[in-house]
Amino acid sequence: MDFLNMTFLQELLLSTVRMATPILIVALAELYSERAGQVNIGLDGIMAFGALAGFMVCYITGNPYLGLLAGAAGGILINMVYAFCTITLGAEQIVYGMAINIFAPAIASFIYKVYFGISSTLAQATLMTPMPIPFLSKIPLIGPVFFKHTIIVYIAYLLVPLSYIFFQKTKAGLNFRAVGEYPKAAESLGINVVKQKYLACIICGALAGVGGAYLTTCYISTYTDGVVSGRGFIALSAVIFGRWMPGGVLIAALLFGFTDALQLRLQVLSSQTPYQLLAMIPYICTLFVLAFFGIKKAGPKANGKPYFREER
Amino acid sequence: MRKKLLAIAMTVAMVASLAGCGSKANTNTSSNTATPTAAAEGSTETSGSETTPAADKTYKVAMILDSSISDGGWGAACYNAMVSAAEDSGFETLYTDGLTTADFTSSIRSYCDLGIDLIFAPGNQYTDAVKEVAADYPDVKFALLNGTVETENIVSILPDAQQIGYMAGALAGLMTKTGKLGFIGGMELDTTKAKLANYEAGAKAVNPAVEVFSAYAGSFSDSAKGKEIADSMVSMNDVDVMFGDASAVDSGAREALANYTDRFDIGQPSDILATQKSEVVIGSVVTDNATMLKLCMEDLKNGTYGNKTIYGNLSNGSLSVGTFSDKVTDDIKTKYLEYIEQIKDGSFIK
């Protein structure tokens, strides 16, 4: 077992953080959405559009930071379709989430083909350079794993405690949660439920768009159809897994990133094992944890229900 | 009530916009279909000297694809092959990409219903769907790339995976300094497995000490995963030459290799260095699917379609060596081209 040395461990953890980050960002997006009672299963679609918007802007301007902003803007734009239909029109959230999953990647693919054509190689944009934090990144093992990333990675991890404080310790956060738990009561206390839900959808769209743009501006410098590869759905399950709490979501994202990084390395180490067996590890882990820890306390009570002001 | 009406109106508008995309492409199978105008322009010309039995008929070829035609790898190469073959033979082209496995059959079926003459299924993974639909539509012809089926209306196009593997393996074996090679597969298809096995055999024939590491991404489009795999192969196993059979995943792998010095990748199926500069790609194993597909189209026009497999190998020019990068020294190049001659006449492959 000579491979179990420090380098292996460090590379494994580094890979874990890289692979967990897009899932974490998008899971936080869903967390904000569901806390206001908006189940959005269209994350995969929003990510795909964010990935394209981020890549295009990064390609044209050469600035990955502008790319990330464009990803956020693109994500909001797409999510507003969902928001309008589900909040204002009171339509079924799952159906419109699914519609976004079909509609957004197709439109992204269309724009890419119109702009770049069909060539035998992919267009390449610039990649965001990592920003090692001075001193902290010099600590052995932990330094490179936690403090040698692009700025968006730090922001993603900072968002976890910030979201916790927001939801648990502030009045605005309490109002936000009230909308997801019992919108009628919230309305009677003077909270504008519709406005709050739109706000949640804007945050969700922006974060999910950034999660997509992270893939094409910080991870790899190209865009292909299907680059998201179901990460949106994994993020969706991470929210349930994390019991609608920022800390839980972080653990879920990290566990998924870790098992995925591990299975790739196990494949390289033992080519004799059927790869399908190893590729199942992240999903089996998820099942295992869900089965053991269960969902004793389900999420926000009014989650997924359309809100009609006039209804009694 | 007003809200309900508005909701219905929105739904209609969304559906209409989807249908709008479809009608532009003369087909309504999927939202992301489109007809390339370039191919349509050449559609009325019939190629030069030969006279076809039905010269006034415009033939149509349609392609289905699970990845994207703009994936910069397999999908793009196959699509370009179809367009170039269609231009030469006077076919009109259609395509549907981004299909999931569940949609293969229904997509092929709807093309059959639209009166398409030839359906091009570029990959081993479509075999079952093609077999199923072909039985119901005896008048529609099918070209199955990497397939092994021969019926009245299915012709298989089979580039020699053994030669492809050996060609890549020989170059990798000559170029490696660490003696560690890598291979990334997309899905565990028969052709991918054959390429991997022969890649290893080819490399060992050149350099018996080499070790080959392999991994599957489980996808042809998750380029981020390709980057992770390549990264782990280099950092854990000191792999210095890689070859892949996974389209966009391979371009992710190349990005990881670019972060190191003297780590190389071998491209396929198009000649990557002919159109792009790269520090990582040292050469390509080029498959000319267009020529083989053109043979299918000629057969179709002559009414002699079916019951055969069109093989692609070095001898008939369907496989060839691509452009080399300056990382490949003249010495290695000469040696490699000698090996290629030996692969061609069969003396190299054991």
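Annotations for the structure displayed:
- For the range A:7-56, residues that are more than 14 Å from chain B (Cβ to nearest Cβ) and charged (D, E, K, R) total 3.
- Tally, over the range A:91-126, of residues that are part of a loop (DSSP other than H, G, I, E, B) and either at pLDDT below 90 or closer than 25 Å to residue B:258 by Cα (or both): 10
- Residue that is most open to solvent (accessible area, probe 1.4 Å) [pool: residues in the range B:294-338 that are in contact with a Leu (Cβ under 8 Å, 6 or more places away or on another chain) and part of a helix (DSSP H, G or I)]: B:335
- Matching residues, the range A:59-90, being hydroxyl-bearing (Ser, Thr, Tyr) and open to solvent by less than 10 Å² (accessible area, probe 1.4 Å): A:82, A:86
- Check on residue A:209, in contact with a Gly (Cβ under 6 Å, 6 or more places away or on another chain) and more than 30 Å from residue B:67 (Cβ to Cβ): no
To keep it simple, each residue is scored yes or no on (1) without any contact (Cβ under 8 Å) to a residue 60 or more places away in the chain; (2) among the hydroxyl-bearing types (Ser, Thr, Tyr); (3) farther than 14 Å from residue B:167 by Cβ.
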site: B:290; (1), (2), (3): no, no, yes
site: B:315; (1), (2), (3): yes, yes, no
site: B:318; (1), (2), (3): no, yes, no
site: B:331; (1), (2), (3): yes, no, yes
site: B:342; (1), (2), (3): yes, no, no
site: B:346; (1), (2), (3): yes, no, no
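- Segments classed as helices (runs of 4 or more DSSP H), wholly inside the range B:174-284, with at least 2 members that are surrounded by 24 or more Cβ atoms within 10 Å (Cβ to Cβ): B:190-206, B:223-237, B:248-257
- Residue match in the range A:243-256 (condition: open to solvent by 40 Å² or more (accessible area, probe 1.4 Å), without any contact (Cβ under 8 Å) to a residue 12 or more places away in the chain, over 26 Å from residue A:95 (Cβ atoms) and more than 24 Å from the chain's Cα centre (by Cα)): no
- Matching residues, the range A:4-58, being in a loop (DSSP other than H, G, I, E, B) and under 27 Å from residue A:88 (Cα atoms): A:36, A:37, A:38, A:39, A:40, A:41, A:42
- Considering only residues in the range A:91-110 that are of a type outside the set (Phe, Trp, Tyr) and surrounded by fewer than 18 Cβ atoms within 10 Å (Cβ to Cβ), the one that is nearest to the other protein chains (Cβ to nearest Cβ) turns out to be A:102.
- Complete set of residues in the range A:112-126 that are open to solvent by less than 60 Å² (accessible area, probe 1.4 Å) and either over 29 Å from residue B:277 (Cβ atoms) or touching a residue at least 40 places away in the same chain (Cβ under 8 Å) (or both): A:112, A:122, A:123, A:125
The values are calculated or read from the model by the stated rules, or taken from the named source; none is laboratory data. All of these numbers come straight from a predicted model, not from anything done at the bench. Every residue, glycine among them, receives a Cβ derived from its backbone with ideal geometry; neighbour counts consider all protein chains shown. We work out accessible area using only protein heavy atoms, side chains counted, and drop any ligands, DNA or RNA first. Shrake-Rupley method; radii C 1.70, N 1.55, O 1.52, S 1.80 Å.
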